[in-house]
Amino acid sequence: MKDDRQNLPAPLLNELHRRALEFADAGNRIILGAWKNGFTVEHKNDGSFVTNADRDVERTIRDRIAAHYPDHGVLGEEFPPTRPHAEFQWILDPIDGTEDFVHRVPTFGSILSVYYRGAPVVGVLDHPALALRCHAAFGRGTYRNNERVTLADLPPDFTGADVRLVTSARGNYIRYRDEGRCFDEVTRAYPNHRIYRSCYGHTLVATGAADAMVDFHDSSWDLAACQITTEEAGGAFRVVREFSIDGVAMRSVVFGKPQLVAALCQMLGST
């Protein structure tokens, strides 16, 4: 299959990567200010939390994208999409794990990515309270802060006991449709598992601190950066479910070390 990303000029890829890090820096400053000085909290119609920091970060990043790339589209969690048919799309979740942010759990993060014709070219996973950032650009590798990271695959004869698996909570598996059996099967087969409700798990996998993640029933902005950060580190990324809820595209994905991703996809009924 043709990959249009290969036709993008190197200077443009470098610039998009640099700008994404710059925009993430701006969001990071807002979040750390709110973390220190306080923030307001509301509930959305679906019961989830939203803070003034969520909106301030997304608004700031949108303004910067518009200033530098007026022809690019933007898809974010807190505001309506702009230019949805543009070839370049910036996808962002200003605070992924807002509930964790509200309750002072430091593993929340910000997600920012750039897609070209539907494929990711840049991804940033930023964790302001941990001074941790994972980022990648197409053909340029994955970095933990400023250090390049690569994933060593598991041996072909690995067992469940060998695996460090991250999964979303069982509630994710049943929130939109009941696929609780998948959670039960995966966690029985790989009992050394951890549950992180925000993008911290994505960063652990892309940087090799965990072997793979099974992330069920998430929206585009939740999953925007984990494909490019995992693949550029040498890992695999697979979509195992796709559906729509009230016009919002939802996906369930598996990503991490290739041998384990293949085994998990087989277990979940996808190859």
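Each value in this text was obtained by applying a stated rule to the coordinates, not by laboratory testing. What you are looking at is a predicted structure, and each value in this text was computed from that prediction instead of being measured. Neighbour counts are summed over all protein chains in view; Cβ atoms, including those assigned to glycine, are modelled from backbone coordinates with ideal geometry.
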- Percent RCO, i.e. relative contact order, over segment 46-156, from Cα pairs under 8 Å lying at least 6 residues apart: 15 percent
- Query: Which whole-number percentage describes the relative contact order of the chain, with Cα contacts under 8 Å and a sequence gap of 6 or more?
  - Reply: 16 percent
- Quick one: Debye curve from the C-alpha atoms of segment 160-267, no solvent, what's log10 I(q)/I(0) at q = 0.10, 0.14, 0.17, 0.24 Å⁻¹? -0.24, -0.47, -0.71, -1.47
- Message: Residue by residue through segment 229-245, what is 3J(HN,Hα) from phi via Karplus (6.51 cos²θ - 1.76 cosθ + 1.60, θ = phi - 60°)? Round to whole Hz and write x for glycine and proline.
- Response: 5, 6, 5, 5, 8, x, x, 10, 9, 9, 8, 10, 9, 9, 7, 10, 10
- Computed over the chain, Kirkwood Rh from alpha-carbon pairs, angstrom: 18.8 Å
- Message: Tell me which DSSP H helices of the chain clear both cut-offs, 30 Å or more of axial length from alpha-carbon atoms and a mean Kyte-Doolittle hydropathy of at least -0.5.
- Response: 10-37
- Message: Net charge within 14 Å of Leu154 by Cβ-Cβ distance, Lys/Arg positive one each and Asp/Glu negative one each, not counting Leu154 itself?
- Response: -2
- Query: Going by how many other Cβ atoms sit within 10 Å of their own, how do Met267, Met250, Met213 line up, fewest first?
  - Reply: Met267, Met250, Met213
- Note on the structure: Total charge of the residues flanking Asp4 in space, meaning their Cβ is under 15 Å from its Cβ, with Lys and Arg +1 and Asp and Glu -1, is +1
- How much mean residue ellipticity at 222 nm does the chain get from its helices, if each DSSP H run of length 4 or more adds -39500 (n - 2.57) and you divide by all residues, to the nearest 500 deg cm²/dmol? -10000 deg cm²/dmol
- Note down the magnitude of the dipole of segment 169-263 about its Cα centre, charges +1 on Lys and Arg C-beta and -1 on Asp and Glu C-beta and zero elsewhere, to the nearest 20 debye. 240 debye
- Query: In debye, nearest 20: dipole of the chain around its Cα centre with unit charges on the Cβ of K, R (+) and D, E (-)?
  - Reply: 280 debye
- Given Cα pairs under 8 Å that are at least 6 residues apart, what percent is the relative contact order of segment 160-267? 26 percent
- Message: Percent of Cα-Cα pairs more than 26 Å apart in segment 63-177, please.
- Response: 38 percent
- Could you line up Trp90, Trp221 from fewest to most neighbouring Cβ atoms inside 10 Å? Trp221, Trp90
- Take Ser252, Ser113, Ser219 and order them by how many other Cβ atoms sit within 10 Å, fewest up front. Ser219, Ser252, Ser113
- Query: Which net charge results for the neighbourhood of Phe49, defined as the other residues with beta-carbon distances under 10 angstrom from its beta-carbon, given Lys and Arg at +1 and Asp and Glu at -1?
  - Reply: -3
